[in-house]
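Okay, so here's the structure we're looking at.
Nothing in this text is a laboratory measurement; each read-out follows from the coordinates by a stated rule. Just so you know, these numbers come straight off a predicted model, no measurement behind them. Cβ placement follows ideal geometry from the backbone for every residue including glycine, while neighbour counts extend to all protein chains displayed.
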Amino acid sequence: MREYCGNPGRSSHALAAAAAEKIYECREAAAQFFGSDAPERVIFTMNTTMSLNLAIKGLLKTGDHVLISDLEHNAVLRPIAKLAAQGLIEYDVFPTLVHRRDHSKEEVLRATRALIRPNTRMLIAAHASNICSSVLPLEALGRLCAEHGILFVVDAAQSAGHLPIHVERMQIDALCVPGHKGLLGPQGSGLLLLSKNLTADTLMEGGSGVYSLEKSMPGEPPERYEAGTLPTPAIAGLCEGIRCVERIGLATISQKETSLNRYLQQRLQSIRGVRVYVPHLVGSVLLFNLYGIPADALGDALNKRGICVRSGYHCTALGHKTLGTPEGGAVRVSPGFWNQKSDMDALAAAVSEIARTGI
């Protein structure tokens, strides 16, 4: 905040120039990290939700048909449902089949292909679910979309910084990314990576630092989509977060999180009354319930023991319906790179105590 406190693009003084340089450095870092050679198409947003809304509302037109997965977050479902309720678009939900241990990528693709219509314009997929360790086959879905001339929008809220993503190879048209999760940046930072030759309508209008005499927003990214003052401190932090993830390595991060998840799952499944959902999927997210205790009550009991988890529906009604959780949802645990086995032991011990003695 001391070094980059100028308003980028709004003046020629040193503070503004330093801020503009840092912001472009972050664009370059993000573009390289996600396999794009167009840093100017890295758009800064507040979070994944804003990125998704910009992609959805900026790219869809009246009469379009959209496909979304049965694990989508409300950041996808709600804007899509609103447009459908207004009679502007139609949508269908394609199955991920994650509830089946023997499901295959080919089955998911067949089920998705069967829902494509002549007016299908967009497919939106959560790369990784926010309530279980499901990972959708982005490369295969990208090929399917390219074959049918469908825009491919990816919600990478749970996968960016955890799993490899390459927008060119996976043929992603709009990649929506949070800064504050796997990329280790501050809250209030997010990204939208738009593919080349793709122009979306604006979600907001205002000052951009360029073409100030014009009544409309600039025609080219990134200024077209970045109305108002950017959160330079958050962007600087995001830039360092990306560098940190690069130094550690995605493979190392994923291996550590998966190992902790597997260990925790074994511990929890040894406790009478615990149900782990889709236990055949092992990654960085684990969802469970304890028989006879509502999810919110269990989450509160764990909090009193110094353990922070999230309980309820996790803003994903579609996902909880797909996994078949009861009324009140379930408890989510998300082991991170800096967690240790001792943390998993503490959680399992707390759940075991609650199972024996009650809340």
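Principal axis extents for the stretch 139-291, Cα atoms only, whole Å, descending order, please.
68, 41, 34 Å, listed from the longest principal axis down.
Based on the alpha-carbon set only, what is the convex hull volume of the stretch 1-59 divided per residue, in Å³?
108
Based on the Kirkwood radius over alpha-carbon pairs, what value in µm²/s does the Stokes-Einstein equation return for the translational diffusion coefficient of the stretch 264-333 at 25 °C and 0.890 mPa s?
D = 199 µm²/s.
How compact and how long is the stretch 211-253, expressed as Rg and Dmax of its alpha-carbon atoms in Å?
16.2, 50
Which whole-Hz couplings ³J(HN,Hα) result when phi for each residue of the stretch 232-237 is put into the Karplus expression 6.51 cos²θ - 1.76 cosθ + 1.60, θ = phi - 60°, listed in order with x for Gly and Pro?
With the stated coefficients, the stretch 232-237 comes to 3, x, 5, 5, 4, x Hz.
Cα-Cα pairs above 13 Å in the stretch 234-302: how many percent?
Cα-Cα pairs in the stretch 234-302 separated by more than 13 Å: 72 percent.
At q = 0.11, 0.16, 0.18 Å⁻¹, work out log10 I(q)/I(0) for the stretch 231-359 with the Debye formula, treating every Cα as an identical point scatterer and leaving solvent out; two decimals please.
For the requested q values the scattering log ratios are -0.44, -0.84, -0.99.
With a bin width of 5 angstrom, please list the P(r) values of the stretch 131-202 as percents of all Cα-Cα pairs, from the 0 bin to the one holding the largest distance.
Distribution as computed: 3, 15, 25, 23, 18, 11, 3, 0 percent.
How long are the semi-axes of the equivalent ellipsoid of the chain, defined as square roots of 5 times the Cα gyration tensor eigenvalues? Whole Å, largest first.
Result for the chain: semi-axes of 36, 26, 18 Å.
For residue 69, enumerate residues with amide H under 5 Å from its amide H, sequence gap 5+ or separate chain, H modeled in the peptide plane.
Sorted by chain and number, the residues that satisfy this are 94, 124, 126.
Using DSSP loop states and a limit of at most 16 other Cβ atoms within 10 Å to flag GluC sites (Glu not before Pro), what is the longest stretch of the chain containing no flagged site?
4-167
Pairs of Cα atoms under 8 Å, at least six residues apart: use those to get the relative contact order of the chain, whole percent.
This gives 19 percent for the chain.
Among 255, 271, 73, which residue has its Cα positioned farthest towards the positive end of the charge dipole of the chain, with +1 placed on the Cβ of Lys and Arg, -1 on the Cβ of Asp and Glu, and the dipole taken about the Cα centre?
271
If I build a Gaussian network model for the chain, linking alpha-carbon pairs within less than 10 angstrom, which residue out of 312, 87, 241 has the largest mean-square fluctuation?
Per the Cα network of the chain with a 10 Å cutoff, 87 tops the list.
In the P(r) worked out for the stretch 1-153, what percent of Cα pairs fall beyond 26 Å?
39
Which of rounded, prolate or oblate describes the stretch 27-110 when judged by the alpha-carbon gyration tensor and an a/c cut-off of 1.5?
It comes out oblate by the Cα gyration axes.
Which shape class, rounded, prolate or oblate, goes with the stretch 83-204 when its Cα gyration tensor gives a ≥ b ≥ c as root eigenvalues, a/c under 1.5 marks rounded, and past that a/b bigger than b/c marks prolate?
Oblate.
Please list, by residue number, every one of the chymotrypsin sites (Phe, Trp or Tyr not before Pro) in the stretch 213-312 that is coil in DSSP and has at most 15 other beta-carbon atoms within 10 Å.
291
Go through the stretch 25-82 and name the trypsin sites (Lys or Arg not before Pro) that are in a DSSP coil and have 15 or fewer other Cβ atoms within 10 Å of their Cβ.
Hits after loop and neighbour filter: 61.
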